[in-house]
Number of protein chains: 2
Amino acid sequence: MSADIKPDWIAADWGTSNLRVWAMTESGTVLAQAASNAGMASLTRDGFEPALRNIAGQWMDGPTTVVACGMVGARQGWVEAPYATVPCPPVAEGFAKAVTADANLQVHVIPGLRQLTPPDVMRGEETQIAGFLARNPNWDGILCLPGTHTKWVHISADEVVSFKTFMTGELFATISNETVLRHSIGDDGWDQTAFDDALSDAMSRPERLTSDLFALRAAHLLHDQTLATARARLSGLLIGCELAGTKPYWLGQQVAVIGASKISSIYINALAAQGVPATQVQGDATTLAGLTAAYRRLKG
Amino acid sequence: MSADIKPDWIAADWGTSNLRVWAMTESGTVLAQAASNAGMASLTRDGFEPALRNIAGQWMDGPTTVVACGMVGARQGWVEAPYATVPCPPVAEGFAKAVTADANLQVHVIPGLRQLTPPDVMRGEETQIAGFLARNPNWDGILCLPGTHTKWVHISADEVVSFKTFMTGELFATISNETVLRHSIGDDGWDQTAFDDALSDAMSRPERLTSDLFALRAAHLLHDQTLATARARLSGLLIGCELAGTKPYWLGQQVAVIGASKISSIYINALAAQGVPATQVQGDATTLAGLTAAYRRLKG
């Protein structure tokens with residue numbers, strides 16, 4: 001990394017497990033980037049500033065502005081950024097300012113969103129939503145943000161109207177690794193037909209989910225079902241349950257899926273099988289667009 | 001434990017985590033009992049005989065017959081007892097004989113049951129079913145055996161016609177302990193209204209299960225939902241999903257619930273809320289009745 005990089009500001013995506021930073025110009029050009037595994041979960045409150053300096057210190061020379069999103073703004077983060085309540089714009093106001101030892105360092109943390117009924121929360125995805133809307137003004141429809149806790153978001157008039165979180169990613173990992181199914185599910189491999197069948201099974205019979213899960217074990221014992229088939233089937237069951245639960249969201253709507261390409265493709269294919277065309281949107285670029293929009297709002 | 005106990009045979013319920021033994025007379029009277037945590041999962045193949053001798057050795061004097069059920073008969077157990085295929089009587093033939101160092105020790109392991117389509121398996125519950133039928137000959141209806149992997153079993157003409165396993169117990173433990181919900185769910189406490197509401201929610205909208213789970217976290221963050229309420233609600237969601245998935249089993253049928261009293265009461269109350277009266281049957285006594293029936297069959 002060159003020592004002569006002098007960004008106008010620094011963008012930071014600071015999640016539970018990872019920290020990613022970009023050296024930015026005023027106009028939104030990326031000069032350099034870096035990442036570390038100094039996620040919120042691994043830090044105590046006084047560990048955040050050193051963790052940031054550790055990967056972005058070489059860009060800090062005199063007054064430095066940082067705009068950050070994600071779990072860094074949680075109660076256990078650097079500074080709690082109280083949630084904004086939907087319906088509201090994804091990123092508007094109420095940025096929280098972290099306490100820093102270095103008076104030259106100004107760190108602004110974007111608030112998450114909350115929904116009172118049914119209760120729901122997000123931190124980090126609001127910035128991706130803001131980035132998507134900055135690039136697609138006046139877009140109305142449904143955003144799907146797959147991940148550990150997949151979000152389905154209803155957008156209208158540049159606001160988040162409502163959203164719904166599914167624990168699909170976390171359940172996939174936990175069921176694969178921590179239950180009796182760990183003996184029957186592989187760490188990799190894929191079987192598209194098994195995924196498609198499971199998706200269809202779960203969409204038509206979501207009430208059988210917790211039984212269909214045990215059948216992954218039994219099919220291994222009785223029919224030598226492969227670990228890759230079981231893995232694809234588990235994914236299909238969980239995403240099928242999710243699509244059944246979000247039908248009022250996506251039916252007859254325009255849908256965009258924001259995320260990493262592999263998981264996004266799985267959702268896009270699953271939606272296509274329901275006759276719903278969905279646009280794939282690159283997750284990292286959208287995060288950066290959202291952090292840039294937040295920086296501009298901050299500068300007024 | 002008195003040294004002068006001389007049983008005619010020994011009954012053993014040998015599961016994944018525990019071993020329980022009873023010193024029995026020919027006529028089925030219990031002379032003494034003992035238990036240890038030497039479950040199948042903690043033993044290698046040559047550890048079973050010492051583990052049995054460790055808690056039942058004082059009853060072994062000369063030729064000794066042991067009848068055992070449970071995961072001791074799995075592929076990773078003392079001896080693999082191949083599954084019988086439903087429809088069939090719960091316990092009939094094909095007992096597996098374990099290899100023993102002591103020629104005086106005869107250990108007979110009861111086979112589990114399998115269902116080819118949809119694939120399903122049980123080991124241990126077949127013995128409880130046999131015990132129930134020994135006490136209730138010609139009983140037709142539905143048995144529910146709640147536990148780590150809850151079984152719903154259709155009984156007709158003294159045979160198991162079909163069965164269906166739900167991972168309810170294991171999912172309850174794994175979700176409570178291994179996901180983000182661990183911060184929001186208590187180890188104890190109960191809220192009956194929360195259970196009832198969640199049961200009703202999941203029965204009418206099972207497709208929302210994986211979203212309703214995340215709402216347990218959000219309700220804690222936003223509405224200070226207590227850990228006890230979340231615990232009862234998690235139980236209600238999982239059992240509600242299970243009752244929705246087993247409706248073709250229990251609707252209009254006579255139902256008996258075999259298990260420990262606490263978890264059985266939860267199921268019986270949940271079924272009562274659907275207008276289904278269910279009989280509670282004590283699990284341990286039923287296991288022993290099944291082992292006794294198996295012993296008699298063995299003796300011809």
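Checking B:THR226, B:THR179 one by one, the residue that is within 13 Å of chain A (Cβ to nearest Cβ) and of a type in the set (Val, Ile, Thr) is B:THR179 and no other. In the set (1) under 25 Å from B:GLU178 (Cβ atoms); (2) surrounded by fewer than 18 Cβ atoms within 10 Å (Cβ to Cβ), the condition left unmet by A:VAL161 is number (1). For region A:241-265, the set of residues classified as touching a Phe, Trp or Tyr at 6+ places or on another chain (Cβ under 9 Å), part of a helix (DSSP H, G or I) and facing chain B (nearest Cβ under 10 Å) consists of A:CYS241, A:GLU242, A:LEU243, A:GLY245, listed by residue number.
This table checks each residue for (1) within 23 Å of the chain's Cα centre (by Cα); (2) in contact (Cβ under 8 Å) with a residue 12 or more places away in the chain; (3) more than 21 Å from B:LYS151 (Cα to Cα); (4) surrounded by 18 or more Cβ atoms within 10 Å (Cβ to Cβ).
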{"position": "B:GLY189", "(1), (2), (3), (4)": "no, yes, yes, no"}
{"position": "B:LEU213", "(1), (2), (3), (4)": "no, yes, yes, yes"}
{"position": "B:LEU251", "(1), (2), (3), (4)": "yes, yes, no, no"}
{"position": "B:ILE263", "(1), (2), (3), (4)": "yes, yes, no, yes"}
{"position": "B:ALA270", "(1), (2), (3), (4)": "yes, yes, no, yes"}
{"position": "B:THR286", "(1), (2), (3), (4)": "yes, yes, no, yes"}
{"position": "B:LEU291", "(1), (2), (3), (4)": "yes, yes, no, yes"}
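Exactly one residue out of B:SER211, B:SER184, B:SER200 is facing chain A (nearest Cβ under 8 Å) and hydroxyl-bearing (Ser, Thr, Tyr), and it is B:SER211. Being more than 14 Å from chain B (Cβ to nearest Cβ), within 23 Å of B:THR165 (Cα to Cα) and in contact with a helix residue (DSSP H, G or I) (Cβ under 7 Å, 6 or more places away or on another chain) is the requirement here; does A:ALA278 meet it? No: the conditions fail for A:ALA278.
Of all the listed residues (A:TRP9, A:TRP14), the sole one being closer than 21 Å to A:ALA293 by Cβ and over 17 Å from the mean Cα position of the chain (by Cα) is A:TRP9. Return yes when A:VAL91 is part of a strand (DSSP E or B) and either of a type in the set (A, V, I, L, M, F, W, C) or touching a Cys at 6+ places or on another chain (Cβ under 6 Å) (or both) and no when it is not. Answer is no for this residue. One residue alone among A:ALA273, A:ALA260, A:ALA285, A:ALA293 is small (Gly, Ala, Ser) and over 30 Å from A:GLY94 (Cα atoms), and that residue is A:ALA273. Considering the conditions (1) hydrophobic (A, V, I, L, M, F, W, C); (2) touching a residue at least 40 places away in the same chain (Cβ under 8 Å); (3) surrounded by 21 or more Cβ atoms within 10 Å (Cβ to Cβ); (4) not assigned by TED's automatic domain parsing to the domain that holds B:ARG75, B:PHE172 is excluded by exactly one of them, (3).
The residues listed here are A:ALA68, A:ALA134; of these, the one that is assigned to a helix (DSSP H, G or I) and crowded, with 18+ Cβ neighbours inside 10 Å is A:ALA134.
The values are calculated or read from the model by the stated rules, or taken from the named source; none is laboratory data. The structure presented is a predicted model; accordingly, all values stated were derived computationally and were not measured. Here Cβ is always computed from backbone atoms with ideal geometry, including for glycine, and neighbour counts include all displayed protein chains.
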